[in-house]
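These notes concern the structure reproduced below.
Nothing in this text is a laboratory measurement; each read-out follows from the coordinates by a stated rule. All figures in this text were calculated on a predicted structure; none of them were measured in a lab. So basically every Cβ, Gly included, is an ideal-geometry build from the backbone, and we count neighbours across all protein chains shown.
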Amino acid sequence: MSFTRSFSSAAVLALVILLASCADTNTDPTFPKATHLYFTDYSGRQVGVVDLNNIGTYTTLYDAGDGLDTLAGLTIDFTNGHIYTVEETNNRVLRLNVDGSGSPTVLYDEEDSVNMPTAIAIDLQNSVLYWANSGTGQLKSGPIAGGDASGSMYSYRQYIDYCYGLVIDTRNQLLYFSDLGDQASIWAARTDGTGTRGVLFGSSVLSLQNPSALYYDQPSGSLFWADEGLQKIIQGTINGGTAVLYDREDGITRPDAIAVDRGNSLIYWSETFTDPDTGSKTHQIKRAALDGSGTPEVVVDGVESYGMVLRFAN
């Protein structure tokens, strides 16, 4: 798949060269292995964690009893022990403790123009949170401690219709974000909020229709995404190539959240399908081999997740 040139041709070429040059060329790297998986449960109104050595069960860290509602995106600062998440219909950006202690802290809400937040990412180096404000079609940012939220990124441009995928490439100071609505593509834009966006992967009948969550793998220079409409799990490389890892034949129904464990050569994703005729639900988290081989297995059942983060062994 070729890059669509929403930057100038020269700018896109420079971006591609920069990203490709920053991919790790080590042919035999050693990656840490995931030990736990943290997730949001939208309809269950909870944040939970799975011990990956004991799949099939999970521990609830926070739930509706703590005032939580319609949780979507998720990002975690394990160094300082903080979880950051967004409530899509309650219009809040929250901070929680990784160990489940204490009460949720509201960092941003409607008074800060938070409107249907759906995805969130953290830049620890600069102590900044980014989130997709799908209600206004904008990307927003603010200090991780709370305070003034920026509404002026990209000169107030409406860059999204509905976004569940938002990740940061800290090395290149870029945001990668998806749109599963009218602007269906995967985009790149500068983290400082200047300039314009550029398309990394455009709409395709084979590999992109309604992309949801994203995972950026810096060593390989790859983006992984879950595509709701195509019912596929896809890997896209910086040079523009794409590969379908799993699809309907593998039992994919409506994939959303996604995460990658290179140490164990596994990929994780959520299923959020509800049958419109019968009301039956396929709300699960699954995993399978990262190379697209083998049969997916259920990690946990009964959760509707739009955000997941893996914790890795030290």
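Collect the residues in region 250-270 that are among the aliphatic types (A, V, I, L, M) and assigned to a loop (DSSP other than H, G, I, E, B), keeping them in residue-number order.
Step one: of region 250-270, the residues among the aliphatic types (A, V, I, L, M) are 252, 257-260, 266-267.
Within region 250-270, just I252 meets the criteria.
From Y154, Y176, Y164, which residue is of a type in the set (S, T, Y) and part of a loop (DSSP other than H, G, I, E, B)?
Details: Y154 fails: part of a loop (DSSP other than H, G, I, E, B); Y176 fails: part of a loop (DSSP other than H, G, I, E, B).
That would be Y164, the only listed residue that is of a type in the set (S, T, Y) and part of a loop (DSSP other than H, G, I, E, B).
Residue by residue through region 42-70, note down the ones that are touching an Asp or Glu at 6+ places or on another chain (Cβ under 6 Å) and among the charged types (D, E, K, R). It would help to see each step written out before you state the result.
Within region 42-70, the subset touching an Asp or Glu at 6+ places or on another chain (Cβ under 6 Å) is 42-43, 45-46, 69-70.
Correct list: R45, D69.
Under the condition of being surrounded by fewer than 18 Cβ atoms within 10 Å (Cβ to Cβ) and more than 17 Å from the chain's Cα centre (by Cα), which residue from region 212-236 is farthest from P296 (Cα to Cα)?
P219
Which ranges mark the strands (runs of 3 or more DSSP E) fully within region 26-126 that have 2 or more residues being under 21 Å from G263 (Cα atoms)?
On the way: elements: 34-41, 46-51, 59-62, 71-77, 82-87, 92-97, 105-108, 117-123.
Here the list reads 34-41, 46-51, 71-77.
Scan region 282-299 residue by residue and report those that are out of contact with any Phe, Trp or Tyr (no Cβ under 9 Å at 6 or more places or on another chain) and small (G, A, S).
Hits for region 282-299 are A289, S293, G294.
So N264 passes all but one of these: (1) surrounded by fewer than 21 Cβ atoms within 10 Å (Cβ to Cβ); (2) more than 20 Å from P296 (Cα to Cα); (3) in contact (Cβ under 8 Å) with a residue 12 or more places away in the chain. Which condition number does it fail?
So the condition that N264 fails would be (2).
Quickly run through region 291-307 and pick out the residues that are among the hydrophobic types (A, V, I, L, M, F, W, C) and either under 15 Å from the mean Cα position of the chain (by Cα) or surrounded by fewer than 19 Cβ atoms within 10 Å (Cβ to Cβ) (or both). Don't jump to the end; show me each part of the working.
Quick first cut of region 291-307, residues among the hydrophobic types (A, V, I, L, M, F, W, C) only: 298-300, 303.
Passing the criteria: only V298.
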